[in-house]
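Working notes, structure below.
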Amino acid sequence: MNQLKIPNHVIMRSVGEDALLLNLDSQQYYRLENVGAKMLQCLLDGLTTPQVIDQIRLEFDAAPEQIASDLQDLVHKLEDQGLIEYG
Amino acid sequence: MDKGLCSESSFNKYHIAGQPFLFRRVIPELASFPCQSGQSTLHASLLAVQTPSNLPEMKQARGWLLDELIEVSYGQDSSGYYIDIPGAGLYRVSNDGRVILQMKGTNPQNHRGSSEALLGPPLILALAVNDTWCLHASAVTWHGKLIAFIAESGAGKSTLARYLDGREGFQRAGDDILPVAACGQGVCGLPRFPQLKLPPDQQPCFSVPESIPLAAVYLLGVEPEITISPVTPITAVESLIRGTAAARLFSPELLTKQLDFMREAACRVQVKKLSYPRDFSLLPSVAEAIIRDLQ
């Protein structure tokens, strides 16, 4: 699969442990809190799904299956909103 | 000629939010915003020109102008930002924010409405292009510090600033719009901005410095008890962004600059939530809570 990235019409800024995404076309802001921000950053850094799960488990007490499910949900939501793309 | 008004060629010069502005005609609402000697930089001008034959694609946005919710059209092309305010005129703000042109004639009998429109979105946009962001906030000074209150229209920010004025060392510095900009390692308020809901002779900003360090921003809310509580950094950034006037008119480049500025501002200025019942008799206790918090 191609590398996941932030499209040109979106900017991402970390704020503390969270992150803000801004769709410049729609002027909509999206908040990613803590785990979500960490997951997205891992994906943007090129980590595979198992690697992301391992990274999250280092910091958060959660079952791998739960992390995998949450990660899948997050990616779907970000895709639906046009906040990530593959390229 | 208005008191304090300078003449530069055929322009009338005023000083707003720390910057000189030149206008083709007298702006009555700026009668008490005199220019300062020695400054002659043309920052913006208001000229009557013909409407261009080709306007960029215009979008719609709703926003407050004084107490009226209006729908403005806006767009951008290589010549600048266009803002069409119904009943007031079409304005173009140059891409460098240095010139504001009134492109479409307004009723000459309706100068007041025209001025109010000019001093709203076009001026706020011109300032934003020059890295000065207008918060939809009232403001007070307190022992050399500037305190801002952000809230939706009608949520009590003007009432609170008006109540605090003259009490316990507080002095009102702004009613509805507070320009802010980076200064040194911090953020400064530039309260000398026309507060259009107040008459020219009641502008609150003249007895306060032109630039004051912004020490705290309170996000006003309604709760049964008086409370002041910290907010997370991301809530602070989001609140400052939401509290920025005319942001719907910003280009992608300007939105990016705004986000970066507010992210930095949230690190340098205390942003807290101030909640209290909407009961005027409790404002003395609200004032005490603010003082305790600032100390």
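Report ³J(HN,Hα) in whole Hz for each residue of region B:277-284, in order, from the Karplus equation J = 6.51 cos²θ - 1.76 cosθ + 1.60 where θ = phi - 60°; Gly and Pro get x.
Along region B:277-284, the couplings run x, 7, 9, 4, 5, 8, 4, x Hz.
Given points 7 Å out from each Cα along the Cα-Cβ axis, report the B:His143 to B:Gln60 separation in nanometres with one decimal.
So the label points at B:His143 and B:Gln60 sit 5.1 nm apart.
Report ³J(HN,Hα) in whole Hz for each residue of region B:155-167, in order, from the Karplus equation J = 6.51 cos²θ - 1.76 cosθ + 1.60 where θ = phi - 60°; Gly and Pro get x.
With the stated coefficients, region B:155-167 comes to 8, x, 5, 5, 4, 5, 5, 5, 5, 5, 3, x, 10 Hz.
Exceeding 19 Å between C-alpha atoms, which entries from my cross-link table qualify? They are B:Lys157/B:Lys197; B:Lys145/B:Lys272; B:Lys157/B:Lys272; B:Lys13/B:Lys257; B:Lys59/B:Lys197. The partial results should precede the final answer.
Values: B:Lys157/B:Lys197 13 Å; B:Lys145/B:Lys272 16 Å; B:Lys157/B:Lys272 14 Å; B:Lys13/B:Lys257 28 Å; B:Lys59/B:Lys197 27 Å.
The pairs that break the limit, which is 19 Å between Cα atoms, are B:Lys13/B:Lys257; B:Lys59/B:Lys197.
What number, in percent, do you get for the relative contact order of chain B if the mean sequence gap of Cα pairs under 8 Å and at least 6 apart is divided by its residue count? Don't skip to the answer; put the middle values down first.
Values: 606 pairs, mean separation 43.4, N = 295.
The normalised contact order for chain B reaches 15 percent.
Can you tell me the length gained on complete extension of the stretch B:Leu294 to B:Asp279, counting 0.36 nm per residue apart and subtracting the Cα distance? The partial results should precede the final answer.
On the way: separation 15, 0.36 × 15 = 5.40 nm, distance 2.23 nm.
Once the chain is fully extended between B:Leu294 and B:Asp279, it gains 3.2 nm.
With charges set only on the Cβ (+1 for Lys and Arg, -1 for Asp and Glu), what does the dipole of the protein assembly as shown come to about its Cα centre, in debye to the nearest 20?
1320 debye
Among B:Thr235, B:Met262, B:Val26, whose Cα lies farthest out toward the positive end of the dipole of the protein assembly as shown, if unit charges sit on the beta carbon of Lys, Arg (+1) and Asp, Glu (-1)?
B:Val26
Rg/Rh for region B:97-218 to two decimals, with Rh computed the Kirkwood way over all alpha-carbon pairs.
Numbers: Rg = 15.1 Å, Rh = 15.1 Å.
We get a ratio of 1.00 for region B:97-218.
Explain nothing, just the number: dipole magnitude of chain B about its Cα centre with +1 on each Lys and Arg Cβ and -1 on each Asp and Glu Cβ, in debye rounded to the nearest 20.
Values: 26 positive and 28 negative charges, 56 e Å.
Magnitude of the dipole: close to 280 debye.
What does the convex hull of the Cα atoms of region B:193-295 come to per residue, in Å³, rounded to a whole number?
154 Å³
Mind giving me the FRET efficiency for B:Asp67 and B:Val222? R0 is 30 Å, r the Cβ-Cβ distance, nearest 0.05 is fine.
On the way: r = 20 Å, r/R0 = 0.68.
The calculated FRET efficiency here is 0.90.
Looking at the square roots a ≥ b ≥ c of the eigenvalues of the Cα gyration tensor of region B:149-255, which shape do they give, rounded for a/c under 1.5, prolate if a/b is larger than b/c, or oblate? Display every interim value, and only then the final one.
Working: a/c = 1.42, a/b = 1.10, b/c = 1.30.
Rounded.
Residue by residue, what Karplus-based ³J(HN,Hα) values in Hz, rounded to whole numbers, does region A:45-56 have, using 6.51, -1.76 and 1.60 with θ = phi - 60° and x for Gly and Pro?
Calculated HN-Hα couplings, in order: 7, x, 6, 7, 4, x, 5, 4, 4, 4, 4, 5 Hz.
Mind checking which of B:Gly89, B:Gly169, B:Gly189 has the largest fluctuation in a GNM of chain B, springs on alpha carbons under 10 Å?
Comparing B:Gly89, B:Gly169, B:Gly189 in a Gaussian network model of chain B, the most mobile one is B:Gly169.
Under 10 Å, Cα contacts only: if you run a Gaussian network model on chain B, which one of B:Asp84, B:Asp67, B:Asp279 comes out with the highest mean-square fluctuation?
B:Asp279
Could you pull out every residue, at least 5 positions away or on a different chain, whose amide H is within less than 5 Å of the one on B:Val187? Hs are placed 1.01 Å off N in the peptide plane, and Pro or chain starts have none.
B:Leu214
Could you list which residues have their amide H under 5 Å from that of B:Gly221, counting only those 5 or more apart in sequence or on another chain, with H placed in the peptide plane?
Sorted by chain and number, the residues that satisfy this are B:Leu274, B:Ser275, B:Tyr276.
Please identify every one of the chymotrypsin sites (Phe, Trp or Tyr not before Pro) in region A:1-85 that sits in a loop by DSSP and has no more than 16 other beta carbons within 10 Å of its own beta carbon. Don't skip to the end; give the middle numbers.
On the way: sites: A:Tyr29, A:Tyr30, A:Phe60; in loops: A:Phe60.
For chymotrypsin sites (Phe, Trp or Tyr not before Pro) across region A:1-85 that sit outside H, G, I, E and B with at most 16 neighbouring Cβ atoms in 10 Å, the list reads A:Phe60.
For region B:217-254, state which GluC sites (Glu not before Pro) are in a DSSP loop and have at most 12 other beta carbons lying within 10 Å of their beta carbon.
Details: sites: B:Glu225, B:Glu238, B:Glu253; in loops: B:Glu225.
Of the GluC sites (Glu not before Pro), the ones in loops of region B:217-254 whose Cβ has at most 12 other Cβ atoms within 10 Å are B:Glu225.
How high is the FRET efficiency from B:Ala182 to A:Asp54, r the C-beta distance, R0 41 Å, rounded to 0.05?
Working: r = 40 Å, r/R0 = 0.99.
Calculated value: 0.50.
Taking only the C-alpha atoms, wrap a convex hull around the protein assembly as shown and report its volume per residue in Å³ as a whole number. Display every interim value, and only then the final one.
Working: hull volume 63.2 nm³, N = 382.
Taking the convex hull of the Cα positions in the protein assembly as shown, it is 165 Å³ per residue.
Once you put a point 7 Å from the Cα of B:Glu210 and another 7 Å from the Cα of B:Lys257, both along the Cβ direction, what distance in nm separates them?
So the two model labels end up 2.1 nm from each other.
When chain B is modelled as a GNM with alpha-carbon springs shorter than 10 Å, which of B:Gln60, B:Gln185, B:Gln171 fluctuates the most?
Top of the fluctuation ranking is B:Gln185.
Mind giving me the FRET efficiency for B:Glu168 and A:Gln27? R0 is 41 Å, r the Cβ-Cβ distance, nearest 0.05 is fine. Could the numbers behind the result be given before it?
Values: r = 40 Å, r/R0 = 0.98.
With R0 = 41 Å, the Cβ-Cβ based efficiency is 0.55.
Any read-out appearing in this document is the output of simple, stated calculations on the displayed coordinates, not a laboratory observation. It should be emphasised that the depicted structure is a prediction, and the values quoted were computed from it without experimental measurement. All Cβ positions, glycine included, derive from the backbone under ideal geometry; neighbour counts span all protein chains shown.
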